[in-house]
1. Enumerate the pairs (first residue in segment 49-72 and at pLDDT below 90; second residue anywhere and open to solvent by less than 50 Å² (accessible area, probe 1.4 Å) and among the hydroxyl-bearing types (S, T, Y)) with beta-carbon separation below 7 Å, excluding pairs fewer than 6 apart on the same chain, so at least 6 apart or on different chains.
2. Looking at Y327 and the list (1) within 30 Å of A470 (Cα to Cα); (2) modelled with pLDDT of 85 or more, which single condition is not satisfied?
3. Consider V167 carefully, then state whether it is of a type outside the set (S, T, Y), closer than 30 Å to V215 by Cβ and touching a residue at least 40 places away in the same chain (Cβ under 8 Å).
4. Looking at segment 130-149, can you tell me whether even one residue there is under 30 Å from A231 (Cα atoms), at pLDDT below 80 and either surrounded by fewer than 18 Cβ atoms within 10 Å (Cβ to Cβ) or over 22 Å from the mean Cα position of the chain (by Cα) (or both)?
5. Within segment 326-337, work out how many residues are assigned to a helix (DSSP H, G or I) and open to solvent by 90 Å² or more (accessible area, probe 1.4 Å).
6. Go over the candidates G62, G116 one by one and state the one that is over 30 Å from D377 (Cβ atoms) and surrounded by 14 or more Cβ atoms within 10 Å (Cβ to Cβ).
7. Determine if segment 224-243 includes at least one residue that is at positive phi, at pLDDT below 85 and in a helix (DSSP H, G or I).
8. Would you be able to say whether some residue in segment 216-224 is touching a residue at least 24 places away in the same chain (Cβ under 8 Å), open to solvent by 60 Å² or more (accessible area, probe 1.4 Å) and not hydrophobic (A, V, I, L, M, F, W, C)?
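The values are calculated or read from the model by the stated rules, or taken from the named source; none is laboratory data. As the structure is a prediction and not an experimental result, all values here were calculated from the model. In this analysis, Cβ positions are derived from the backbone assuming ideal geometry, glycine residues included, and neighbour counts consider all displayed protein chains. Note: areas computed on protein heavy atoms with side chains; ligands, DNA, RNA excluded. Shrake-Rupley method; radii C 1.70, N 1.55, O 1.52, S 1.80 Å.
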Amino acid sequence: SDAKVAAGQVRADDGSLVIEVDSKLDTVGRIAATPIRYGLGGRGADSDRDSDDVAGRVVSLGAVADVRKGIANPPRRTALVDGKPAVAVGLLVRSDQRIDSWFVGAEAAIRDFESGLPPAVGLKRVFEQSGYVESRLATLLLNLVAGAAAVMVVVWLMMGWRSALVVGSALPLAALMVLAGMRWLEIPIHQMSVTGLIIALGLLIDNAIVIVDEVALRIHEGESPGGAVAAAVHHLAGPLFGSTLTTCLSFAPIALMPGPAGEFVGAIAISVMLAVVSSFVLAMTVTPAVAAIFAPKADRDERPWWSTGVRSDRLTAGYRAALEFLYRRPLVGIGLSLTAPVVGFYLAGSLTEQFFPPAERDQFQIQLDLPAGASIDATRRLAESARTALLENPRVESVDCFLGESAPSFYYNMIASRSGVPQYAQAIVQIDSGRDYFAIVREVQAELNARFPAGRFLVRQLEQGPPFEAPIEAKLFGPDLDELEELGRQVRRVMSETPDIIHTQSDLSESLPKLAVNVDEASARLAGLDNQSVARQLDATLEG
């Protein structure tokens, strides 16, 4: 009665038409009016009956059944927000939108919708990305300004306020050139690209310092400003180009890294490369001209310290003596210069290796798995008990659970990979702040393991980088599923005996239990039943 596909197609010389049965079950009354046929309907012993009699043995569905619209019981999935049943709606913003600007309009729409809700229905915002983005961008901007200020102060103390202004002017100009390059390469302003710009702060001023010092020295020796600029650019073009090229080549492997990791961190390398190239272009054009304009007219010894920089005769004499000592003994100088790198490479083996750092924020997630075949009601009871236990922790503010499926993707590398799984639940836990983030995660994990052994709880911190199922994953390949399942048990046994491993899981070990019924087909046929009828009767009996 509810046609979903086309019945056929009429083809003619001038074109073709699709044939569809114009019928759909769009209302409860329409479903109740659906005609059904009862009896053998012209088969078997009734095959010789009159066709009109067979056609008259029809009754509507509403005459033999109670047709109504309701909630599926048991439900395939459900959400519990603040412990109450809820409908979860997730909004994904397009990549070409600024979430802080977009959220202004979304906020107005949400408030308008909330004002029309009945008194018994409430609306809660489980997660808002806009606040985190604004906080992160503000932090990055603060770091950028602090880095630029530190650079200006150091240059002022070493070279004077005139040189500090010239060198400092290269920072905003280079930053604007980087943003123009990112726009041309279609790289958005996000955490990775701005991080690359912050990393390049120390590299941006190198070319400017060298060219400013060279121009000032030549003007001090009596050359004209124009001649000093031309001579400085001609003299330093080769060395500065070489240093810029080597820096770009050192970051090129990160920019060319394949796979999700390269896609995630590639913007850092590209930002750094754009920054050093912009710095070189400015050092060959704008910076020396500005340095010549701001060059002081008076002799260095006649100017105060804030104009020439801090000078120390004792430090100068010590530095000169050290250089003369190393120049007379080059092997000692080479050995001393290699000591720090060699020690660093040796100690690198003792450092913790983690390419993407965790995100220390005021949220984490919990995944709950029950044995295969568990009902969603059992999952709900265990999830509610765990929620009550979590709320006893003074740092936990709220726990929102999603049963039978994954939670909406509230973090950029979370993938909703579970759906229609009654023995699965996922919870979003809101804590008071990101302070002692890892301590609270470990505390919650230990408490859930001790108090609720009936389920497997996995407390997961929010991670940076591309999505992944687990920190350690092992994949076994082979043609025999039974052998793979046995090997999987052995691998899990080895992992479970390894310190610091909390839980293990195998895909093949989560098969549902099966009840097999052998039907005596001869007896069933004599009773007027077939295998399909027996299956329907068993299903109705088990549900009852």
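1. As it stands, the answer is S60/T34; L61/T34, since those pairs meet every condition given.
2. For Y327, the exception is condition (1).
3. In short, yes.
4. Residues of segment 130-149 under 30 Å from A231 (Cα atoms): 148.
From what's left, at pLDDT below 80: 148.
Add one more test, that the residue is either surrounded by fewer than 18 Cβ atoms within 10 Å (Cβ to Cβ) or over 22 Å from the mean Cα position of the chain (by Cα) (or both), and what stays is 148.
Yes, because at least one residue in segment 130-149 is under 30 Å from A231 (Cα atoms), at pLDDT below 80 and either surrounded by fewer than 18 Cβ atoms within 10 Å (Cβ to Cβ) or over 22 Å from the mean Cα position of the chain (by Cα) (or both).
5. Of segment 326-337, the ones assigned to a helix (DSSP H, G or I) are 326-328, 330-337.
From what's left, open to solvent by 90 Å² or more (accessible area, probe 1.4 Å): 327-328, 331, 334, 336.
So the answer is 5.
6. G62
7. Step one: of segment 224-243, the residues at positive phi are none.
No, there is no match, as no residue in segment 224-243 is at positive phi, at pLDDT below 85 and in a helix (DSSP H, G or I).
8. Taking segment 216-224 first, the residues touching a residue at least 24 places away in the same chain (Cβ under 8 Å) are 216, 219-220.
Keeping just the survivors that are open to solvent by 60 Å² or more (accessible area, probe 1.4 Å) gives 220.
When the remaining residues are screened for being not hydrophobic (A, V, I, L, M, F, W, C), the result is 220.
Yes, segment 216-224 contains at least one residue that is touching a residue at least 24 places away in the same chain (Cβ under 8 Å), open to solvent by 60 Å² or more (accessible area, probe 1.4 Å) and not hydrophobic (A, V, I, L, M, F, W, C).
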